[in-house]
Each structure stands twice: as structure tokens, then as C-alpha cells.
Amino acid sequence: MAALVALLPETLQTWWRGRPPADFLLLLNAARDLEPNGLYSPGLSLFLYPLTWLDAEAAYRVYVALGGLAVLGVAYLAQREVGSLEGRLAVALGVVTLPQMHWALRFGHLTPFLAAAALAGFLLARRRPYLAGLCFSVLVLKLQYAPVPALYLLWTRNFRCLAAFVAGGVALETAGFVAAGFDEMGPYLRGLFDLGSDHRDNLVPIQQAWQYAWPGFLISAGLDPNPLVAFDLMALSLVAVALVWMRGDKSVGPAAAALGMLLVSPYSNFYDWGLLVVAGVLLLRADVSWKGLRPAVLVALYVGLMATQRATPWPIDVVGLDPEQISGTRGLYWITPLALAVVCLLALTGQRKTSGRAAADLPKRQEPWPA
């Protein structure tokens, strides 16, 4: 409640004033010309093109309102598996009071929509694989978050969902390049690989310090964001996620995949980590052996996001300063190693799959997925 009182009024004021920030204007202007915008998929301009029929202020209000509805949808799904009224309220407030999600709304970023699409994909993957795959395909709008869910579907042999995922993603990318022109494909791919290997030469220092990905964590720890070290940490994260898939119950795999989406990405800004709500919702639905500790784990992730936002040097403290002179942070980005620690906990305590007659002797567990 305290976080809601602290964050919501400014978010509502920003929305109601209707003064589009530079980040949203970049997306909107690209949509007007049907052009790619940096590392975003060219299909994003098609998604946003209807907003170009409005003036910038009205487009911003509509966009943020839709993003707010997406956040409320995630909060509704989050609290469905909780028994008590107090628990439901706490879980819903945990979703709608993440500062990273509020900054994503204020700046006009995609995080709320990506979170809703990813959560829908994971929840529907087993029962509605084709629909789930189409939901996952929305992740190609920020392509760095698509590989881990695709690997998860491949690992679980959910080929129908994976086929819909790939088909939807290819269709979205192709439609974007048809609108923008296929001559934009080369610069788009070069930009992806450039940031994927080492982005110290194409981002100003403060942009590097905005990241909660492993390069940004290294900066927050006062270390050089060496691309080899960052790659090793991403590889370690992927191995930990794969161990969960190998050892854990089927209901645990989606939570590990949702955490891996952020941990294995080489480029993930602070507002992108609102996607952590997806992992939180899936942890609530996972059949883990430490159910009594699950509230403490979720609270730790919540506090980690709060503390990490407090350590983020922008936009709180550096307005009006020269971005080139700001290369550090206001503290350690706790959320990144904390998310990896949760993955390791799932890997170490995951329930092994049981087959044969032994499985028939076990009590039936309640289905963790919604009908």
C-alpha cells in the first residue's frame, strides 16, 4: 500500500498530462513512417500504426491506458491461485506497485504488453498450444526475450506451440519488413549482433548503468563490464535454467524459463525487469517442495526490485546532468543475482520426475494450471 501511494499518483499525473516522453515519441514517429526503430522489431510499427491517427498526446494517453489494463490483467491472473483474501490483495498489489513497471508505463515502453503476452503463453502452453504460441510470438517485438521460451518449448517437445510461436514471429517480422522495406533488414540484424557481443562502444555510460542484465550488474558492483565475463554469467544462468527443466516437476519449468528470459539476455534495461512479474505468477503456480517458503521468496524478489530501482541512477538523480559523465550506479543491482539464486533453488530442490508404477502410488496433486 505504501508503494502504491508513492508510485501511482505520479504515474496517473504523467498519463493525464499527456506529454509524451522522448522514448514514446521515437516509437510513434517510427510508426508514422512504418520504419524500424533501433533494436525493436519492424513489426512494432505496424502494431502502433493505428495510434498515428491521433495526435501525440492522445496517442500517449491511449497507449498508457492499454498498458495499465495489461498490468491489471497480469495482477488478476496472479491472485487467482491464492486462497485468502489478504494473500490475494498482497499479490495483486505486488504486481501493480513494481517501480520498473511504473517507469515502463510512464515512458511508453512495451513491458506491460510483453508481460501479459509471455504469461498468457506459459499458462496456455499445455492446453491451448497454438494460441499460446501466438502469444509468445509477441516477444519478437523485443527479440532478446524470445530465445529462452523457444528453448523451453523445444525441451518440453511442445512442437505445436513452438510451430505457432515461430510462424507468428516470422509473420510479424516479415510484415514489418514488407512495410519498411527489406533493405532495412541488414542494419537491423547488424544492430542485434553488435549489442549481443559487446555494447560498450555504442552506448553512453549512463545507458550501460540503466541495465539490470549482467553487464549492468558488473557496473553496479564497480567492475568492468567485460563481455567475456558477462557471457560466462549468461551461460551459467542458462545452465541453471536447463537443470530445472531436467530435474524439476513440469509445473516448475515455466517459472525457470521466465527468470531465464531476463538472465540470459545481454541487454535488459531497468524498465524491462517488470517482466519479473511473469516469473512471480508462475512461482505461485509451481508445485515446489518448499511451499511454506514461497512467500518469503516472492517478498525477496519484490524487495530486490525495489532496492535495485533505488540504486538506479536515472531518471531519479541525473536529470539535467551530462549523460557522458555518469557511468556508475547508486548501489548494487541486487535483483540480478537474486533471480539467479531463485533459479538455483529450483534446480536444487526440484522434484524429480517419477515414472512407472511408483507414480501410481503417489497421491494425485492438484492441477497447477488454470482450466
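The values are calculated or read from the model by the stated rules, or taken from the named source; none is laboratory data. Note that the structure is predicted; figures quoted are calculated from it, not measured. Glycine gets a Cβ as well: all are built from the backbone with ideal geometry, and neighbour counts include every protein chain shown.
Brief remarks follow.
- Taken as a whole, the stretch 96-112 holds no residue that is crowded, with 20+ Cβ neighbours inside 10 Å, touching a residue at least 12 places away in the same chain (Cβ under 8 Å), more than 29 Å from Leu51 (Cα to Cα) and of a type outside the set (D, E, K, R).
- When the residues of the stretch 78-87 are filtered to those that are in a helix (DSSP H, G or I) and either of a type in the set (A, V, I, L, M, F, W, C) or in contact with a His (Cβ under 9 Å, 6 or more places away or on another chain) (or both), the one that is surrounded by the most Cβ atoms within 10 Å (Cβ to Cβ) is Ala78.
The rows are residues; the columns are (1) of a type outside the set (Gly, Ala, Ser); (2) at pLDDT 90 or above; (3) surrounded by 20 or more Cβ atoms within 10 Å (Cβ to Cβ).
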site	(1), (2), (3)
Leu34	yes, no, no
Pro42	yes, no, yes
Glu57	yes, yes, no
Gly67	no, yes, yes
Leu89	yes, yes, no
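- Qualifying residue in the stretch 126-141 (condition: crowded, with 24+ Cβ neighbours inside 10 Å and among the aromatic types (Phe, Trp, Tyr)): yes
- Some residue of the stretch 106-115 being part of a loop (DSSP other than H, G, I, E, B), within 27 Å of Arg190 (Cα to Cα) and out of contact with any Lys or Arg (no Cβ under 7 Å at 6 or more places or on another chain): yes
- Evaluation of Arg127 against (1) in a helix (DSSP H, G or I); (2) more than 17 Å from Val299 (Cα to Cα) (one fails), failing number: (1)
- Residue ID - farthest from Ala65 (Cα to Cα), chosen from residues in the stretch 2-22 that are loosely packed, with under 14 Cβ neighbours inside 10 Å and at pLDDT below 90: Ala22
- Given (1) in contact with a Gly (Cβ under 9 Å, 6 or more places away or on another chain); (2) closer than 30 Å to Thr11 by Cα; (3) modelled with pLDDT under 95, index of the condition Arg106 fails: (1)
- Flag for Leu243 being more than 14 Å from Tyr145 (Cβ to Cβ) and surrounded by fewer than 24 Cβ atoms within 10 Å (Cβ to Cβ): yes
Yes or no, residue by residue, for (1) at pLDDT below 90; (2) surrounded by fewer than 19 Cβ atoms within 10 Å (Cβ to Cβ); (3) not charged (D, E, K, R):
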| position | (1), (2), (3) |
| --- | --- |
| Pro187 | yes, yes, yes |
| Phe193 | yes, yes, yes |
| Ala213 | no, no, yes |
| Ala221 | no, yes, yes |
| Met234 | no, yes, yes |
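- Residue pairs meeting the criteria (Cβ under 9 Å; at least 6 apart or on separate chains; first assigned to a helix (DSSP H, G or I), in the stretch 12-40; second exposed (fewer than 14 other Cβ atoms within 10 Å of the Cβ)): Trp15/Ala65; Arg17/Glu57; Leu26/Gly38; Ala30/Gly38; Ala31/Pro50
- Restricting attention to the stretch 152-176, the residues that are under 24 Å from Ala235 (Cα atoms) and out of contact with any helix residue (DSSP H, G or I) (no Cβ under 8 Å at 6 or more places or on another chain) add up to 1.
- Among the residues making up the stretch 1-11, those that are outside any loop (DSSP other than H, G, I, E, B) and either over 17 Å from Gly108 (Cβ atoms) or not β-branched (Val, Ile, Thr) (or both) are Ala2, Ala3, Leu4, Val5, Ala6, Leu7, Leu8, Pro9, Glu10.
- Condition met for Tyr271 (among the aromatic types (Phe, Trp, Tyr), touching a residue at least 60 places away in the same chain (Cβ under 8 Å) and in a loop (DSSP other than H, G, I, E, B)): no
- Screening the candidates Val299, Val281, Val342 for the property of being under 30 Å from Ile219 (Cβ atoms), exposed (fewer than 14 other Cβ atoms within 10 Å of the Cβ), at pLDDT 90 or above and out of contact with any Ser or Thr (no Cβ under 8 Å at 6 or more places or on another chain) yields one hit, Val299.
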